[in-house]
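S.K.: Encoded as structure tokens, here's the structure I'll be asking about.
No value in this document is a laboratory result; all are computed from the given coordinates. In this text, all values refer to a predicted model and were calculated from it rather than measured experimentally. Here the Cβ positions follow ideal geometry from the backbone for every residue, glycine too, while neighbour counts run over all protein chains shown.
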Amino acid sequence: MKQVGITGAPYSGKTTFFNALTHAGASSGGGRANVAVVPVPDERVDRLADLHESRKSVYAQLKFVDVAGLARGTGLSAQILGALREVDALAIVARAYGEDADPQAELADVALELALADLQALGGAAERATKKGRSGDKAARAEADLLHRAAQVLEAGRPLRAESWEAAELALFRNYAPLTLKPSLVVLNTDDESARQQAGLAAELAVAFNPQGGEGLAVPARLEAEVGGMAPGDAAELLAEFGVTVGALPAVIAAAYRMLGLLTFLTTGEDESRAWEIRRGATAPEAAGAIHSDLQRGFIRAEVVSYHDLIGVGSWEAAKAAGRLRVEGKDYLVAEGDVMNIRFAV
């Protein structure tokens, strides 16, 4: 399960945004992180469950972690650092309503605090690796060189995600989970009426915050949090009156999947129909491992049919008879919407 950390300046409305996504009814303040796990809505699971009369439907999940506000010049507490280092992506909330709103300045303040936290952590680690490297440890010397380069990037005012890093370097970074290396979504918290008008600004600020492909959303967080208790149809109708055609949760989920390079494959049967999250470029055995480690160890082959083909013909047997079902081996790269049946032996 992937995690998205929600942060921003104090009074930016990040906890309201958290509640808009999760309907958790969390309160701000108190210093402790608000945490909620939400299912990833996927109508394909429901249709497969109907098709196979599955006893249950199981959706992929996403965890949201809302930390205390980051005030300029105060630094990040150990609790905030610990929570943010564990997440896979960040959603940076900035207030975009009121006469004194300055979302660009808020984003700059948050970026500075994240960079300073990384600089402190990586700078200290670089010194330790340098000392270890003097004893002849080649791995420590390579790590020290990487960390010194990273510190130079941060000192120049650039986030680590703005640079290109080799796979081996990214593997070393995992030991430190740098905050400025995490994919980041810019969220402008707007008033009820101006989300559509602010969408362009959100996109502009996202590119400035993350030159390597930033994403931005404009969300009327208060309005979205308020409609959370309504029936889905009624909520959608009310949001549409304010020009909101895509709710905050599906928009954030789609952005998170793009930023993290994720796709969804599916399994179905009488017991359950389920959506599974996996990285783009994953092979069939890796998909099997997402289900259970035994399936990856004993992987023989995968029977695969696209979701649309399966729905179109009406059953697994019909897909096989129509030649829509494929048998794939260990080198097969899983595609979005693949419905898979894993054959294995342990």
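S.K.: Using modelled amide H (1.01 Å from N, peptide plane; none on Pro or chain starts), what sits under 5 Å from the amide H of residue 185, excluding residues fewer than 5 places away?
M.R.: Those lying under 5 Å, H to H, from residue 185 are 90, 91, 92.
S.K.: Which order do the peptides 71-77, 91-97 take when ranked by the mean count of other beta-carbon atoms within 10 Å per residue, highest first?
M.R.: Going from most to least packed, we get 91-97, 71-77.
S.K.: For percent of Cα pairs over 28 Å apart, one of (1) 51; (2) 42; (3) 46 was computed from the structure I shared and the rest are decoys. Which label?
M.R.: Checked against the structure: label (1).
S.K.: Next question, about the same structure. Cα centroid distance between segment 262-281 and segment 122-189, in Å?
M.R.: Segment 262-281 and segment 122-189 have Cα centres spaced 34 Å from each other.
S.K.: May I ask you to compute the full-extension gain from residue 169 to residue 74, defined as 0.36 nm times their residue separation minus their alpha-carbon distance, rounded to one decimal in nm? Please list the in-between numbers first.
M.R.: On the way: separation 95, 0.36 × 95 = 34.20 nm, distance 3.04 nm.
Roughly 31.2 nm would be gained on extension.
S.K.: Right, something else. Can you give me the Cα centroid spacing of segment 14-50 and segment 302-336 in angstrom?
M.R.: For segment 14-50 versus segment 302-336, the Cα centre distance is 32 Å.
S.K.: Taking amide hydrogens as modeled 1.01 Å from N in the peptide plane, which residues meet the under 5 Å criterion relative to residue 2, leaving out close sequence neighbours?
M.R.: 63
S.K.: Quick check: pseudo-label points 7 Å beyond the Cα along Cα→Cβ at residue 130 and residue 237, how many nm apart are they?
M.R.: 6.6 nm
S.K.: For segment 281-344, build the convex hull from the C-alpha positions and give me its volume per residue in Å³.
M.R.: Value for segment 281-344: 74 Å³ per residue.
S.K.: With both bridge residues required to lie in the chain, what share of the DSSP beta bridges run antiparallel, to the nearest 5%?
M.R.: 50 percent
S.K.: Which one, 189, 296, 76, is farthest towards the positive end of the dipole of the chain when Lys and Arg carry +1 and Asp and Glu -1 on their Cβ?
M.R.: So the residue we want is 296.
S.K.: Taking R0 as 25 Å, what FRET efficiency do you get between residue 286 and residue 318 from their Cβ-Cβ distance, rounded to the nearest 0.05? Let's see the in-between values first.
M.R.: On the way: r = 28 Å, r/R0 = 1.14.
Result of the calculation: an efficiency of 0.30.
S.K.: Taking the simple approach of a point 7 Å from Cα along Cα-to-Cβ for both residue 297 and residue 162, what is their distance in nm?
M.R.: 4.7 nm
S.K.: When the label point is put 7 Å from the Cα of residue 260 along its Cα-to-beta-carbon vector, which residues of segment 23-63 have a backbone N closer than 16 Å?
M.R.: Residues 35-42, 59-63 fall inside that zone.
S.K.: Each residue of segment 145-162 in order: what ³J(HN,Hα) in whole Hz does its phi give by Karplus 6.51 cos²θ - 1.76 cosθ + 1.60, θ = phi - 60°, with x for Gly and Pro?
M.R.: After applying 6.51 cos²θ - 1.76 cosθ + 1.60, I find 4, 4, 5, 5, 4, 4, 4, 5, 4, 5, 5, 7, x, 10, x, 5, 6, 7 Hz.
S.K.: Something else: Please give the charge dipole size of the chain, origin at the Cα centre, charges +1 on K and R Cβ atoms and -1 on D and E Cβ atoms. Round to the nearest 20 debye.
M.R.: With only Lys, Arg, Asp and Glu charged at Cβ, the dipole is about 1560 debye.
S.K.: Further, regarding this structure: Per residue of segment 260-275, in order, report the coupling 6.51 cos²θ - 1.76 cosθ + 1.60 (Karplus, θ = phi - 60°) as ³J(HN,Hα) in whole Hz, putting x for Gly and Pro.
M.R.: 8, x, 10, 9, 10, 10, 10, 10, 8, x, 5, 5, 7, 10, 9, 9
S.K.: Quick check for the chain: number of Lys pairs with alpha-carbon distance under 23 Å, counting only pairs 8 or more apart or on different chains? Numbers along the way, then the final one.
M.R.: Numbers: 2/14; 2/56; 2/63; 2/182; 14/63; 14/182; 63/182; 320/330.
The number of close lysine pairs in the chain is 8.
S.K.: Hey, another quick one. Please list the non-local residues whose amide H lies under 5 Å from the amide H of residue 339, H modeled 1.01 Å from N, same-chain partners needing a gap of 5 or more.
M.R.: Amide H neighbours of residue 339, under 5 Å, 5+ apart: 266, 305, 306, 307.
S.K.: With a 10 Å radius around each residue's Cβ, average the other Cβ atoms per peptide and rank 108-121, 305-318, highest first.
M.R.: Numbers: 108-121: 19.5, 305-318: 16.4.
Order by mean packing, descending: 108-121, 305-318.
S.K.: Something else about it: If contacts are Cα pairs under 8 angstrom and at least 6 residues apart, what is the relative contact order of segment 1-141 in percent?
M.R.: 32 percent
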